1. Given the criterion away from the ligand (no atom under 16 Å from the Cβ) and in contact with a helix residue (DSSP H, G or I) (Cβ under 9 Å, 6 or more places away or on another chain), identify the matching residue among 344, 370, 405.
2. Of the residues that make up region 256-276, is at least one on the phi > 0 side of the Ramachandran plot and either within 12 Å of the ligand (Cβ to nearest atom) or not assigned by TED's automatic domain parsing to the domain that holds residue 147 (or both)?
3. Determine if region 198-217 includes at least one residue that is part of a helix (DSSP H, G or I) and within 14 Å of the ligand (Cβ to nearest atom).
4. Kindly indicate whether any position in region 214-221 is crowded, with 24+ Cβ neighbours inside 10 Å and either touching a helix residue (DSSP H, G or I) at 6+ places or on another chain (Cβ under 6 Å) or more than 14 Å from residue 368 (Cα to Cα) (or both).
5. Output yes when any residue across region 282-292 is surrounded by 24 or more Cβ atoms within 10 Å (Cβ to Cβ), within 21 Å of residue 11 (Cβ to Cβ) and modelled with pLDDT of 95 or more, and no when none is.
6. Any residue at all in region 376-397 that is surrounded by fewer than 18 Cβ atoms within 10 Å (Cβ to Cβ), away from the ligand (no atom under 16 Å from the Cβ), outside any helix (DSSP H, G or I) and modelled with pLDDT of 95 or more?
7. Would you list the helices (runs of 4 or more DSSP H) that sit entirely within region 9-124 and hold 3 or more residues that are over 17 Å from the mean Cα position of the chain (by Cα) and in the same structural domain as residue 196 (by TED's automatic domain parsing)?
Ligand SMILES: Cc1cc2nc3c(=O)[nH]c(=O)nc-3n(C[C@H](O)[C@H](O)[C@H](O)COP(=O)(O)OP(=O)(O)OC[C@H]3O[C@@H](n4cnc5c(N)ncnc54)[C@H](O)[C@@H]3O)c2cc1C
């Protein structure tokens, strides 16, 4: 790469995906700079991630990227090859169950792919589910509705038929710390980080990117710039003159996760596991100290709130809080409904089909790892590797648009096709257009 430029690659963003890409480029010997407008790594949307690690996706490459990604978390200390004075994250492998209704739902799409690829899982009868999680009411209450709707409190119309359980699933205990870990790992390979540094302009020479300009007016040059700006990704693409050049767009979607005390009669954090409950429109995750995180599986009855990522309401919406907490309360009746409304409000970088965009762009040297749609935290390691391989191939002259690269997983050795992550793919109509973390 050009010695005349300040860096070999500039990564815009120091969230979990930006950090992983910075690390992967640095460990391949590139002179890298991660820039972030916030004061430290992982202070963007990653900070409020539920950090669930699961493998339930509707396509084989989606499952493969997630399964491969799990191995990075399991191997974290060795993978980083560096210490962090703040300590390392912990991967809590509590497992995850997808509740199954008569028609199978999300689990029906996932199971054949798990069978084909060999992702370990168990098929539970509903009796087995109740044995493992006796506090759950396994009735069918759906399709999801809102507490104000007639019928919200109606008796169950039937019973779930079982669950698909993945023992290797779980969550990362501190998503912000994971970004700091990646920063330290990248720095150990020579990577640099600058915080409180906002990118306001992307510079170019003809069809090729040449670097960035910061809010302070400094120009920093590099032949490769990667947009990993999370919910601000579309604004950075606009700076690069790329508005309207991709089939798949991205927007900032407001999202709430609520935190409640677990049931008195069952410690969710030590006895429980993650649960995907499409019938109620929620997903659940334990938190040490018998707390439960209630995420929304984005049911159609809930409003989709697209916002300006620099100007949106960060207070909990009482209606949404009530919707998610009462849905969870129906599922686990002994889990009370607290008076104090606790939780977080943050943003998904939502793509049109809820799948990520990992790709080059029409501006040579300018790459994107965006549209992570509330479900790519788990993939940070495998995406860092994918993007570094993609950048190497394209910079060496490979026509990724005509012939999408196939990435070999570092841990599994699986050949992962990357065509479905391109910016100009057709919208994935099989996407559930929702996520379970
Ligand atoms: C509430 C919530 C729950 C989630 N739960 C899960 C889950 O359980 N499992 C899962 O796998 N995924 C989950 N996700 C998704 C996951 O957290 C994200 O996909 C992931 O964290 C995105 O990382 P990132 O590095 O791309 O973005 P971010 O962490 O948002 O980082 C982007 C960074 O870019 C910086 N930036 C933006 N614009 C500029 C600029 N102009 N100049 C300089 N810097 C800039 C920002 O300051 C920010 O730090 C969840 C997301 C949310 C919001």
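The values are calculated or read from the model by the stated rules, or taken from the named source; none is laboratory data. Owing to the predicted nature of the structure, the values given are computational and were not obtained by experimental measurement. Every residue, glycine among them, receives a Cβ derived from its backbone with ideal geometry; neighbour counts consider all protein chains shown.
1. Working: 344 fails: away from the ligand (no atom under 16 Å from the Cβ); 370 fails: away from the ligand (no atom under 16 Å from the Cβ).
On inspection, the qualifying residue turns out to be 405.
2. Filtering region 256-276 down to residues on the phi > 0 side of the Ramachandran plot leaves none.
Looking through region 256-276, none of the residues is on the phi > 0 side of the Ramachandran plot and either within 12 Å of the ligand (Cβ to nearest atom) or not assigned by TED's automatic domain parsing to the domain that holds residue 147 (or both).
3. No, the conditions are met nowhere in region 198-217.
4. Step one: filter region 214-221 for residues crowded, with 24+ Cβ neighbours inside 10 Å, giving none.
Scanning region 214-221 turns up no residue that is crowded, with 24+ Cβ neighbours inside 10 Å and either touching a helix residue (DSSP H, G or I) at 6+ places or on another chain (Cβ under 6 Å) or more than 14 Å from residue 368 (Cα to Cα) (or both).
5. no
6. Yes, there is a match, as at least one residue in region 376-397 is surrounded by fewer than 18 Cβ atoms within 10 Å (Cβ to Cβ), away from the ligand (no atom under 16 Å from the Cβ), outside any helix (DSSP H, G or I) and modelled with pLDDT of 95 or more.
7. On the way: elements: 16-27, 60-74, 76-80, 106-117.
Output list reads 16-27, 76-80.
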